[in-house]
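**Q** Before we start, here is the structure in question, set down as structure tokens.
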Amino acid sequence: MRLTTLLAALVIAGCATPPAIDASRLPETPAQFKEAGRWTTAAPAEANSRGQWWKAFADPVLDDLVERADRGNAGIQVAAARLAQARAIAGIVDADRAPQLGVQASASRVGGIVDGSAGPARSFGAAGASLAYELDLFGKLARGSDAARLDADARAGLLQSTRLLVQAQVAQAYLELRALDVERSLVRGTVTAYRETLDLTERRFRAGDVAELDVARARAEVAATESEALALDRRRAQLENALAVLVGEVASGFSLPAGQWETALPTVPAGIPATVLARRPDVSAAQASMLAAQQRVGVAEAAWFPDVTLTATGGYASPELGDLFKWSARAWGVGALLSLPVIDGGRREAGVRGATAQLDEAVASYRDQVLAAFRDVEDQLSALRLLASQSEAQTRAVDAAARATDLSNARYQGGFVSQLELLDARRSELRNRRQALQVRSAQYQATVGLVRALGGGWGDA
């Protein structure tokens, strides 16, 4: 009879098992990225260390900024606090699976009519302990605990995702600022060249060799280029203030002096497979949330089965406080409580439907997160490939424009060409040099973007 009862309980418990996640609803992982035809399968993602990926840029200033952001960024601190909350909630939920022990004591004094007759005032006292333990026959408590733990895992993934995002934002803002420093120097050098041309044109105008129109053109070029230099100064000030917020400091007290752009441009090695996305923190967080929703379906289904709680009490009770702890005043009791709602107005059925809908939402969110991750990697890989070709073409354009400027300047000094031709040549050279700087800056930005898309550094792959 006992064996039959146990088997029946196990069968009923099996009915509360949460539904399996349909693999057809999840995206397939390709063997390699579209933009990396020669790449081969490497070790599993768990074996690859994310590491201090920004060290690959070999820039001490960048290293310092990232370390300061890790300590002071408000977004990282908020994510860390939310992780601590999730872990505390997991501890609270897990505590329901343990025996619950409590102690009680009471004392009262009653006078007047007691038990239907009048009498003197008497004192009543009781002291004891109670023990309760809920039998988790149908897995409700275990699945609730697993769901809370998975929620904490999701928060841990979001913390890592926030930290990676902040590190990438610091790197991109710093690299853009250094590119602006070079561009500002280039534009100011062009302003100096334009001023020299203006001085020469004014001397020629005073000598009667050129018309006033040439002087006006030269002045317009000087003023326009000075305006561009001031616009770059404004953009640099904004980036500096943005860096202050990222590292958790007041913008008014933060400054980053202009310096040389000597940051190395790391090359992503071949051999990185699509499986590296498995360690991307936002993907792992979405996966943990999906698994937590799956466990909550089991919790909702287990509500259809009875709750069984074992109880035990022991202690002392006496109508006289002086006799409270005598052996004759002892009292104890054991029991079992079985509870099962019969009519609940459809509450449990609605709970199952709601938990199932949450699981569907979590699966769709996970799928969307994975697809977005693959898109991010493909975007950055294609950007790096095309930017490399663009950089080569732009270098040729800069060389040709510089040569044209030298020739035009020599011919203008000799009086063989007009000032307009020289100004056009200089405008073309400045435009091409600034474009080359922007392409170089875009290569750095895409490299940082690829690191973030891969979930961190690529280690020794």
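The values are calculated or read from the model by the stated rules, or taken from the named source; none is laboratory data. No experiment lies behind these values; they were computed from the predicted model shown. Cβ coordinates were reconstructed from backbone atoms using ideal geometry, including for glycine residues, and neighbour counts include every protein chain displayed.
**Q** For the list (1) among the polar types (S, T, N, Q); (2) in a loop (DSSP other than H, G, I, E, B); (3) surrounded by fewer than 15 Cβ atoms within 10 Å (Cβ to Cβ), I need the number of the one condition that THR263 fails.
**A** (3)
**Q** State the number of residues belonging to region 367-391 that are buried (at least 17 other Cβ atoms within 10 Å of the Cβ), within 19 Å of MET290 (Cα to Cα) and aliphatic (A, V, I, L, M).
**A** Within region 367-391, residues that are buried (at least 17 other Cβ atoms within 10 Å of the Cβ), within 19 Å of MET290 (Cα to Cα) and aliphatic (A, V, I, L, M) number 2.
**Q** I would also like to ask the following. Looking at region 193-216, I want the residues that are free of Cβ contacts under 8 Å to residues at least 12 places away in the same chain and have a partner that is exposed (fewer than 13 other Cβ atoms within 10 Å of the Cβ) with Cβ atoms under 7 Å, at least 6 apart or on another chain. Which pairs are those?
**A** Here the result reads PHE205/GLU212, each pair linking region 193-216 to a residue that is exposed (fewer than 13 other Cβ atoms within 10 Å of the Cβ).
**Q** While we're looking at this one, here's another question. Answer yes or no: is there a residue in region 132-148 that is assigned to a strand (DSSP E or B) and either surrounded by 16 or more Cβ atoms within 10 Å (Cβ to Cβ) or modelled with pLDDT of 90 or more (or both).
**A** The first filter runs over region 132-148 and keeps only residues assigned to a strand (DSSP E or B), leaving 132-135.
Then keep just the ones that are either surrounded by 16 or more Cβ atoms within 10 Å (Cβ to Cβ) or modelled with pLDDT of 90 or more (or both); that gives 134.
Yes, region 132-148 has at least one match.
**Q** For PRO99, work out the one condition from (1) exposed (fewer than 11 other Cβ atoms within 10 Å of the Cβ); (2) of a type outside the set (A, V, I, L, M); (3) at pLDDT below 85; (4) under 22 Å from GLY139 (Cα atoms) it doesn't fulfil.
**A** (3)
**Q** Also, I was wondering about something else. Kindly check whether there is at least one residue in region 102-120 that is closer than 29 Å to LEU340 by Cβ, surrounded by 13 or more Cβ atoms within 10 Å (Cβ to Cβ) and either modelled with pLDDT under 85 or not charged (D, E, K, R) (or both).
**A** Quick first cut of region 102-120, residues closer than 29 Å to LEU340 by Cβ only: 102, 104.
Still in the list and also surrounded by 13 or more Cβ atoms within 10 Å (Cβ to Cβ): none.
No, region 102-120 contains no residue that is closer than 29 Å to LEU340 by Cβ, surrounded by 13 or more Cβ atoms within 10 Å (Cβ to Cβ) and either modelled with pLDDT under 85 or not charged (D, E, K, R) (or both).
Results for (1) of a type outside the set (A, V, I, L, M, F, W, C); (2) under 38 Å from the mean Cα position of the chain (by Cα); (3) surrounded by 13 or more Cβ atoms within 10 Å (Cβ to Cβ); (4) at pLDDT below 85, shown as yes or no for each residue.
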| position | (1), (2), (3), (4) |
| --- | --- |
| SER289 | yes, yes, yes, no |
| ALA300 | no, yes, yes, no |
| PHE325 | no, no, yes, yes |
| TRP332 | no, no, no, yes |
| SER365 | yes, yes, yes, no |
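**Q** Take the residues in region 59-110 that are of a type outside the set (Asp, Glu) and part of a loop (DSSP other than H, G, I, E, B); name whichever of them is nearest to the chain's Cα centre (by Cα).
**A** Let us first name the residues in region 59-110 that are of a type outside the set (Asp, Glu), namely 60-62, 65-66, 68-69, 71-93, 95, 97-110.
From the residues that got through so far, the ones that are part of a loop (DSSP other than H, G, I, E, B) too are 73, 97-99.
Numbers: ASN73: 13, ARG97: 32, ALA98: 34, PRO99: 38 Å.
It comes out as ASN73.
**Q** Continuing with the same structure: Might you check whether a residue that is farther than 29 Å from ALA244 by Cα, more than 36 Å from the chain's Cα centre (by Cα) and in contact (Cβ under 8 Å) with a residue 40 or more places away in the chain occurs anywhere in region 166-186? Quick ask: steps written out before the conclusion?
**A** To start, the set of residues in region 166-186 that are farther than 29 Å from ALA244 by Cα comprises none.
No, the conditions are met nowhere in region 166-186.
**Q** Separate question: Would a scan of region 268-276 turn up a residue that is surrounded by fewer than 22 Cβ atoms within 10 Å (Cβ to Cβ), modelled with pLDDT of 90 or more, over 29 Å from LEU158 (Cβ atoms) and not polar (S, T, N, Q)?
**A** Looking for residues that are surrounded by fewer than 22 Cβ atoms within 10 Å (Cβ to Cβ), modelled with pLDDT of 90 or more, over 29 Å from LEU158 (Cβ atoms) and not polar (S, T, N, Q), one finds none in region 268-276, hence no.
**Q** Turning to a different aspect of this structure: Report yes if some residue within region 384-407 is in contact (Cβ under 8 Å) with a residue 60 or more places away in the chain and part of a helix (DSSP H, G or I); otherwise report no.
**A** Pass one, region 384-407, residues in contact (Cβ under 8 Å) with a residue 60 or more places away in the chain: 384-385.
Still in the running and part of a helix (DSSP H, G or I): 384-385.
Checked against the condition, which is being in contact (Cβ under 8 Å) with a residue 60 or more places away in the chain and part of a helix (DSSP H, G or I), region 384-407 yields at least one hit.
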